[in-house]
Amino acid sequence: MAKGITRERIVAAALDLLNDKGMDALTVRALASRLGVGAPALYWHVRNKQELLDEMSTFVMRRVIQALSEIDPGAGWRDAMAAYARVLRSEYLKHRDGARIFSGTRFSDPSVVTAKDPWLESLTGAGFALAEADDAIDLVTAFVVGFVIEEQERNRPDGEDPERYSLEGRDAWLGEGADLVKAAGHLRDDGDQRFERQLGVVLDGLAARLR
């Protein structure tokens, strides 16, 4: 085992590598090089890339839980779920491809999983059945993950492909007709405004289940 190599150091270096190079460049070999050790030294702590991603997503979720602990416990379920969505998005946006590391991962810390219990208690207390409460958390999480994946893809530096999301280029590519599709494309607003509007739709749908 390489001296001084811990899971905490590995995760910190992995997040730095993610921010510098992106998800596709995040490999055990590249991470070992950044830490100045051989790849086998890392296998004492993480067996493969998936386990590394599990650790990274766990680290991010610990920060989410910490931020949520500062929310007024008397907030209604809707305000609490909205706060969760905003905090989750904020944490993902702190890292390049931050939402992509979350998809399909499994938390490595039981305390991160058990932190969900008070949320389920709050939601069931508001009138959701347990299955509906669990679905509500999953739906909001999935919405945020999907939204941020798309958001981060669209916000890549223009130098990578300046014409990739050009509306004029898209209009020309679509050809004649499809006027509503083109108009909708020009109405698209990215960022906070779009996030809040779509989050509202998700929460409205959950509220409708209570009625």
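The values are calculated or read from the model by the stated rules, or taken from the named source; none is laboratory data. Just so it is clear, the structure is predicted and the values come from calculations on it, not from any experiment. Heads up, the Cβs are rebuilt from the backbone with ideal geometry, glycines too, and the neighbour counts pull from every protein chain shown. We work out accessible area using only protein heavy atoms, side chains counted, and drop any ligands, DNA or RNA first. Shrake-Rupley method; radii C 1.70, N 1.55, O 1.52, S 1.80 Å.
Assorted remarks:
- Protein accessible area in the chain, 1.4 Å probe - carbon and sulfur %: 53
- GluC sites (Glu not before Pro) lying in DSSP loop within segment 60-154, provided at most 14 other Cβ fall within 10 Å: Glu70
- 1.4 Å probe accessible area per residue over the chain, in Å²: 57
- When the inverse distances between all different Cα atoms of segment 54-211 are averaged and flipped, the Kirkwood radius reads 17.6 angstrom.
- For segment 1-113, dividing the convex hull volume of the Cα atoms by the residue count gives 103 Å³ per residue.
- For segment 6-37, the residues whose backbone nitrogen is under 18 Å from a point 7 Å from the Cα of Arg156, taken along Cα to Cβ, are 17-27.
- Across segment 193-207, rounded Karplus estimates of 3J(HN,Hα) from the backbone phi angles (6.51 cos²θ - 1.76 cosθ + 1.60, θ = phi - 60°) give 4, 5, 4, 5, 5, 6, 4, x, 5, 4, 5, 4, x, 5, 4 Hz, Gly and Pro being marked x.
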